[in-house]
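Structure in structure tokens, see below.
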Amino acid sequence: MSLPSGKVVSYGEVASDAGYPKQARFVGRVLAKYAEELDLAWWRVVNSQGRLVPGLEVEQQRLLLAEGVTVSNGRARRTTENS
């Protein structure tokens, strides 16, 4: 799954697209462990309600806003909501 600048998806959407439906938590663990090492755009992935990553909200919001993503009350507007 390619996550271009300005696109926001949920952990579940990433899991389903990778062929592993219902493995959203696994996606979160992989991003937490390997995002920096593999240069993954972790900030473009949120939970199913659009909530930002706990403990990284400020950094994630900064990165998303820089890409033109709407962030309000700790939630990012997922790309599918913009359609």
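Place a label point 7 angstrom from the Cα of residue 56 along the Cα-to-Cβ direction, then list the residues of the range 23-43 whose backbone nitrogen is under 13 Å away.
Under 13 Å, as judged by backbone N against the label point of residue 56, lie 27-43 of the range 23-43.
To continue, here is another question. Can you pull the one-decimal nm distance between simple spin-label points at residue 22 and residue 39, each 7 Å off the Cα toward Cβ?
The answer from the label model is 3.6 nm.
So which GluC sites (Glu not before Pro) in the range 1-52 pass both tests, a DSSP loop state and at most 13 other Cβ atoms within 10 Å of the Cβ?
Numbers: sites: 13, 36, 37; in loops: 36, 37.
In loop regions of the range 1-52 (DSSP not H, G, I, E or B), the sparsely surrounded GluC sites (Glu not before Pro) are 36, 37.
Where does the chain land at 222 nm, in deg cm²/dmol rounded to the nearest 500, when only DSSP H runs of n ≥ 4 count, each adding -39500 (n - 2.57), divided by all residues? Mind dumping the intermediate values first?
On the way: 4 runs with 32 residues, N = 83.
After summing the helix terms and dividing by the residues of the chain, the value is -10500 deg cm²/dmol.
State the answer as a single residue: which of 68, 40, 15 lies farthest towards the positive end of the charge dipole of the chain, with beta carbon charges of +1 for Lys and Arg and -1 for Asp and Glu, about the Cα centre.
After comparing all options, I get 15.
If you look at just the Cα atoms of the chain, how large are its Rg and its Dmax in Å?
11.7, 32
Computed from the coordinates by the stated procedures, all read-outs in this text should not be read as laboratory data. Bear in mind that the values here come from a model prediction, so they are computed numbers and not experimental data. Using ideal geometry, Cβ is built from the backbone for each residue, glycine included, and neighbour counts are taken over all protein chains shown.
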